[in-house]
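Here the structure is laid out as structure tokens; the discussion comes afterwards.
The values are calculated or read from the model by the stated rules, or taken from the named source; none is laboratory data. Computed from a predicted structure; not experimentally measured. A quick note on method: Cβ atoms are made from the backbone with ideal geometry, for glycine too, and the neighbour counts reach across all protein chains shown. Only protein heavy atoms, including side chains, enter the accessible area calculation; ligands, DNA and RNA are left aside. Shrake-Rupley method; radii C 1.70, N 1.55, O 1.52, S 1.80 Å.
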Amino acid sequence: MSDPRFPASRLRRLRRGPALRDALADVTLGLHNLIYPVFVTSGDEARPVSSMPGVEQLPVKLAVERIRGWAASGLRQFILFGVTSADRKDARGSFAAHPDAPVNRTLAGVRDAGIDAVMYADLCFCEYTEHGHCGPLCPDDPAATVDNDATLELLGKTAIAQAKAGADVVAPSGMMDGMVGSIRSALDAAKFDQTAILAYSVKYASNFYGPFREAGEGGMKFGDRKGYQMDFRRSREWRLELEADLAQGADMVMVKPAVAYLDILAQVRQSCDVPVAAYHVSGEYAMLHAAAQRGWLDLKAGAMETTLAIRRAGADLVLSYFAPQMIEWL
Ligand code: PBG
């Protein structure tokens, strides 16, 4: 009956005791693997985001102070998102490139303070346009299509503003065709050849971005993002997006969301040799908190297992709202 290669206890033998289990764990997680998304505002008070426990919109000065503290504790990578007041929003999201935009002010503040952190700037217009789409819309188009090429021009301009303010990495997240190439040429022409691009290469039109849209106040007034973000019912399209971004010079690529797309993440990891990031998005974070609040699972254990799973699937870097808590947990 029993297979001689697998006598009783053969597989359990190496699971005995924490020291042996630690020794054999080949997937690891450290603070250096994490990027913390930070929401910055021009307001003067921190405002909690109700659907994302522990996450706040931070005024610029406070954000710089917090980043200083986190960096001193070993969490040293941050991606900035800007919350824009209604009076600064317009049809084209022009404020994104303004030096007064909270993202640009925070970048400058971190650089002025000499903080040793890797600063990423999310590069998209949905938090800056009055309609909430990721770029200007084609004129007289009832379907509210984002104008791809007009957006490319604005992306280049905004990338330069972010690089000037102090971004180490710009992270275009709007899924426009050709975005990486045009940002690269704009940066190079402005002599920012050392500013890297982390492309949101494989980004799905997901239902798990809901809480983020509250945090970033970047929800759409009408329509949806299915015309530019990917359809999760297509299983092979990721390869074309990946190839396009790599050919255009992406230094790093991202898969987003993370947990519901671990199959895609594993394939992306095997298909390229640039660093791969995965975004454990707001809805995935909120679900763990919601279950933990009801006592249905343990928050720390659930967060650790989930983040390890994202690493196991192949992510070098994980964008995670759990990052500050990981300072204590790891
Ligand atoms: C903006 C952007 C979004 C997220 C990151 N950048 C929202 C969207 O595309 O609708 C979502 C992040 C999250 O849910 O945590 N383009």
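Tabulated values for the structure
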read-out: Tilt relative to the chain, helix 60-72 - C-alpha long axis, 0 to 90 degrees, to 10; value: 30 degrees
read-out: Nearest-0.05 FRET efficiency for Ala189 and Asp100, computed from C-beta distance (R0 30 Å); value: 0.80
read-out: Inter-label distance for Asp263 and Ala86, nm, one decimal - labels placed 7 Å from Cα along Cα-to-Cβ; value: 4.3 nm
read-out: Gained length - Gln270 relative to Arg16, 0.36 nm times residue gap less alpha-carbon distance; value: 88.2 nm
read-out: The chain: angle of helix 238-247 to the longest principal axis, Cα-based, in degrees nearest 10; value: 60 degrees
read-out: Cα-centred dipole magnitude for the chain, charges only on beta-carbon of K, R (+1) and D, E (-1), debye, nearest 20; value: 1440 debye
read-out: Angle in degrees between helix 148-165 and the longest Cα principal axis of the chain, rounded to the nearest 10; value: 80 degrees
read-out: FRET efficiency, Ala113 to Trp296 (Cβ-Cβ, R0 41 Å, nearest 0.05); value: 0.50
read-out: Asp100 accessible area, assembled protein chains, probe 1.4 Å, Å²; value: 80 Å²
read-out: Spin-label model distance (nm) - Ala23 vs Arg68, 7 Å beyond Cα toward Cβ; value: 4.5 nm
read-out: Translational D in µm²/s for region 29-329 (Stokes-Einstein at 25 °C, 0.890 mPa s, Kirkwood Rh from C-alpha pairs); value: 128 µm²/s
read-out: Long pairs among Lys191/Lys256; Lys61/Lys164; Lys61/Lys203, criterion Cα-Cα beyond 26 Å; value: Lys191/Lys256; Lys61/Lys203
